[in-house]
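Have a look at the structure below, then the notes.
What follows draws every value from the coordinates through simple rules; no lab data is involved. What you see is a predicted model; the values in this text were computed from it and never measured. Cβ sites come from the backbone with ideal geometry, for glycine too, and all protein chains shown count toward neighbours.
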Amino acid sequence: MLKKGIAELIGTFVLVLFGTGTAVLGGGVNGIGIIGIGLAFGLSLVVMAYSIGTISGCHVNPAVSIAMFVNKRINAMELVWYIVAQVLGAFLGTAILVAFLKLSNMSIGNVGQNGFAHLESSGAFLVECILSFVFILVIIVVTGKKGNASLAGLVIGLTLLLVHLLGIPLTGSSVNPARSLAPAIFAGGKAVSQLWVYLIAPIVGGIIAALVGKFVLDTEK
């Protein structure tokens with residue numbers, strides 16, 4: 001169990017550091033743009049899937065772990081270990097990003113926190129719920145009894161890129177409570193007041209995806 005927890009901590013650390021780090025350092029008018037930020041998140045997930053995937057399954061996302069628990073792929077104790085490790089990994093990733101920004105004499109006002117400027121909270125919730133549903137449904141299917149394990153990491157990473165292309169202009173694209181929690185706590189203010197959307201919506205979308213996978217797409221053994 002400890003090895004799985006360490007693997008999830010490392011995986012979430014990499015996802016948050018490289019994903020949000022690219023969003024912060026590569027953003028702006030002359031930056032790499034939405035595609036580049038989406039690629040940073042997607043590639044982070046791909047490389048972690050093919051490295052720690054054989055140890056923990058590379059959930060690196062509490063919403064994914066909860067979906068796996070709903071479909072009885074992990075037990076309650078594993079779920080607790082996974083979520084604690086993921087949250088710690090996310091905080092470590094954000095702390096390192098903050099350290100990089102300070103060492104570079106850059107502002108720490110933006111640490112990759114999510115936010116919705118043009119949507120009401122209900123609209124942001126709907127966006128995050130739908131994006132999470134699509135993302136986690138793909139995970140459930142490609143890692144299920146009919147999936148192709150050798151391609152799973154690549155497919156999941158590309159799906160994360162896909163949801164970011166649509167989600168970044170709308171909500172900043174989270175689909176991952178741990179990824180949103182750590183930057184919001186470091187940033188404070190408005191990010192914290194909007195945090196509930198990024199904590200609850202991905203979990204709701206993930207649970208729906210788990211149930212659709214199990215009862216509609218026959219993903220479970």
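Work out from phi, with θ = phi - 60° and the Karplus expression 6.51 cos²θ - 1.76 cosθ + 1.60, the ³J(HN,Hα) of each residue of the stretch 38-54, listed in order in whole Hz, and give x for Gly and Pro.
x, 5, 4, 5, x, 5, 4, 5, 4, 5, 6, 4, 8, 10, 9, x, 6
Using helices alone, I'd like the mean residue ellipticity at 222 nm for the chain: each DSSP H run of four-plus residues gives -39500 (n - 2.57), total over residue count, nearest 500.
-24500 deg cm²/dmol
Quick one: plug the Kirkwood hydrodynamic radius of the chain (C-alpha pairs) into Stokes-Einstein at 25 °C, 0.890 mPa s, and report D in µm²/s.
Approximately 144 µm²/s, per Stokes-Einstein.
Please rank Ser121, Ser44, fewest neighbouring Cβ atoms within 10 Å first, as an exposure proxy. Could the numbers behind the result be given before it?
Values: Ser121 13, Ser44 25.
If I rank by nearby Cβ atoms, fewest first, I get Ser121, Ser44.
Which ³J(HN,Hα) values in Hz, rounded to whole numbers, follow from the phi angles of the stretch 55-60 under the Karplus curve 6.51 cos²θ - 1.76 cosθ + 1.60, where θ = phi - 60° and Gly and Pro get x?
For the stretch 55-60, the Karplus-derived couplings read 8, 10, x, 6, 6, 6 Hz, x marking Gly and Pro.
Amide H neighbours of Thr219 under 5 Å, at least 5 residues apart or on other chains, H built in the peptide plane: list them.
Lys214
Can you compute 3J(HN,Hα) from phi for each residue in the stretch 106-115, using the Karplus curve 6.51 cos²θ - 1.76 cosθ + 1.60 with θ = phi - 60°, rounded to whole Hz and x for Gly and Pro?
10, 5, 9, x, 10, 10, x, 5, 7, x
Return one number: the angle in degrees, 0 to 90 and rounded to the nearest 10, between the long axis of the Cα atoms of helix 177-187 and the longest principal axis of the Cα atoms of the chain.
20 degrees
Checking the cross-link filter: which lysines have an alpha carbon closer than 18 Å to that of Lys214, excluding same-chain neighbours under 8 positions apart?
Straight-distance partners of Lys214: Lys72, Lys145, Lys146.
Highest mean first, what order results for 147-154, 53-60 on Cβ atoms within 10 Å? It would help to have the intermediate numbers written out before the result.
Details: 147-154: 14.0, 53-60: 23.4.
The packing order, highest mean first, is 53-60, 147-154.
In what sequence do Met106, Met68, Met77 fall when counting other Cβ within 10 Å, fewest first?
Working: Met106 13, Met68 22, Met77 9.
Ranking Met106, Met68, Met77 by Cβ neighbours within 10 Å, fewest first, gives Met77, Met106, Met68.
Cut-off is 10 Å between beta-carbons; in what order do Leu2, Leu211 appear when sorted fewest neighbours first?
The most exposed by this proxy come first: Leu2, Leu211.
Normalised by the number of residues in the chain, what is the relative contact order in percent for Cα pairs under 8 Å and 6+ residues apart?
30 percent.
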